[in-house]
Amino acid sequence: MPAVNRANVLAEVNRAVDQYEQALTGNDLAELDRLFWDSPHTLRYGAGEHLYGYAAIAAFRRARADSGQLARHIIERSVTTFGDDFAVANIVFQRPGSTRLGRQTQSWVCVEREWRIVAAHVSWATT
């Protein structure tokens, strides 16, 4: 079993997750692109879309409407690292003015000494 939550690796991944959150809520497309692994193997399952490959994910972001709908409050957050090169981040979030809870899972891999999202999933809780 690889080392779980080694302090320095956990700090690196938490910084990357923070960068992602800031880029997402600020609709910083260049930073969002940077944080995803540039590969046809990268995927993102959203609330209503299934995106396969870095290019499809980037195109989806560019076609998305008003960034004002991206604001959210993090309710819960869990980051777990495995060894020096793999991590999973999970959050529960809520949009301003809504009672509905959203969920986000990201798989992160350290690629050339930089943390990148290789798989992501966003969904809405039904209860």
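Below, the figures for the structure above:
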quantity: Qualifying residue in segment 13-28 (condition: aromatic (Phe, Trp, Tyr), in a strand (DSSP E or B) and surrounded by 13 or more Cβ atoms within 10 Å (Cβ to Cβ)); calculated: no
quantity: Some residue of segment 81-91 being surrounded by fewer than 15 Cβ atoms within 10 Å (Cβ to Cβ), touching a residue at least 60 places away in the same chain (Cβ under 8 Å) and either on the phi > 0 side of the Ramachandran plot or not in a strand (DSSP E or B) (or both); calculated: yes
quantity: Selection count where residues are within 12 Å of residue 13 (Cβ to Cβ) and either surrounded by 17 or more Cβ atoms within 10 Å (Cβ to Cβ) or of a type in the set (Lys, Arg) (or both), scope segment 92-112; calculated: 4
quantity: Cβ-Cβ under 6 Å pairs, at least 6 apart or on other chains, segment 8-31 side closer than 18 Å to residue 87 by Cβ, far side modelled with pLDDT of 95 or more and small (Gly, Ala, Ser); calculated: 13/87; 17/89
quantity: Search result, residues across segment 39-49 that are touching a residue at least 60 places away in the same chain (Cβ under 8 Å), exposed (fewer than 15 other Cβ atoms within 10 Å of the Cβ) and farther than 15 Å from residue 102 by Cα; calculated: 39, 41
quantity: Segment 94-107 residues that are among the β-branched types (Val, Ile, Thr), paired with ones that are not in a loop (DSSP other than H, G, I, E, B) (beta carbon under 6 Å, 6 or more apart); calculated: 105/90; 105/121
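The values are calculated or read from the model by the stated rules, or taken from the named source; none is laboratory data. As the structure is a prediction and not an experimental result, all values here were calculated from the model. Virtual Cβ from ideal backbone geometry, glycine too; neighbours counted across all protein chains shown.
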